[in-house]
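Report on the structure given below.
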Amino acid sequence: MKLNEKIITKFATNSSNQSDLEGYLLKKGEANRNLHKRWCVLRGNMFFYFERCFDKEPLGCIFLEGSRVELSESDSDYFAFRIVFTGYDKKYIFVTDNPESLGNWMKALSQASFSYLKMVISELQRRLDETNNAAVEQRKQLEEASQEKLQQQQLNPKTNLLIQNAEDLITLDESSGNGSSRKPLFSRKPFIELHQHYGEQVNNYLREIKSTNRPDSSREDLLS
C-alpha cells in the first residue's frame, strides 16, 4: 500500500488530532542494536516516533495492522516490548522505564489495529443480539401468559361475572326484583362505631338477665 508522506506527516504532527498515547521511549536500533531515546506518539493504528518532542517530521511510522505486541524476553530489554508482524522477520523493540508504562503502551498498541476494533464490534453486536433475543422471548412469554389468563376467564363465566361486577358484591337487592332499593351487604362503618353499637346491645341483654334472674346470686356475680 502506497502512503502519501505529506499527509502522514501532517497527521502525525497536527496538534488538533489528539493522540491515544504519547511519551518518551528507548528504541533499539536495527543495525547496531543501541538504545536511542525517541518521542513516541500513537494515533489510531499508526505509531510514530520522533527524535525530539517538537520535531516537525517523524523519523518513522509503524502501521500496526497485522501486528502483535509481545514482552521482550531478553534480559537486556528490561521493561521492554516488541512489535512483530506475522510472516516478517522485522521487529521493533522499545524499552520503558517502569512496569506501569510498559503495561500502558502494550495495551494501547494491542488495541490500536483495525482488526482488533472489528473483533470488539463483533463481540458487542453478539451481546446486543443476545439481549434483544432475550427481551423478545420474555415479551412472548408475558403475552402467552396474559392470553392464557384471558382464556381461563372466558371459560369460567362465574369468575368473569365476579370480576366484571366487583362493585355489586357489597350490595344486596332487598326489593322484589324491581331494583328500587339496594342496601349494603357489609357495613363500611368504622370499628369504633361497630364496637359501641353492638356493645350497647350486649349490655341491654345482660341487664335483662339480671332483672329476670335476681335471686340467682352466682349468676349475678358472674355477669356483674
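Taking the stretch 63-101 as the range and being of a type outside the set (G, A, S), outside any loop (DSSP other than H, G, I, E, B), touching a residue at least 24 places away in the same chain (Cβ under 8 Å) and crowded, with 17+ Cβ neighbours inside 10 Å as the test, the residues that pass are V69, F81, I83, Y92, I93, F94, V95. Within the stretch 103-123, the set of residues being open to solvent by less than 100 Å² (accessible area, probe 1.4 Å), free of Cβ contacts under 8 Å to residues at least 24 places away in the same chain and part of a helix (DSSP H, G or I) comprises G103, Y116, L117, V120, S122, E123. Evaluating K27 against the criteria (1) part of a loop (DSSP other than H, G, I, E, B); (2) open to solvent by less than 80 Å² (accessible area, probe 1.4 Å) leaves one unmet condition, (1).
The values are calculated or read from the model by the stated rules, or taken from the named source; none is laboratory data. Since we're looking at a predicted model, the values are computed, not measured. No Cβ is skipped: glycine too gets one built from the backbone with ideal geometry, and neighbour counts run over all protein chains shown. Protein only, heavy atoms only, side chains kept; ligands, DNA and RNA dropped before computing areas. Shrake-Rupley method; radii C 1.70, N 1.55, O 1.52, S 1.80 Å.
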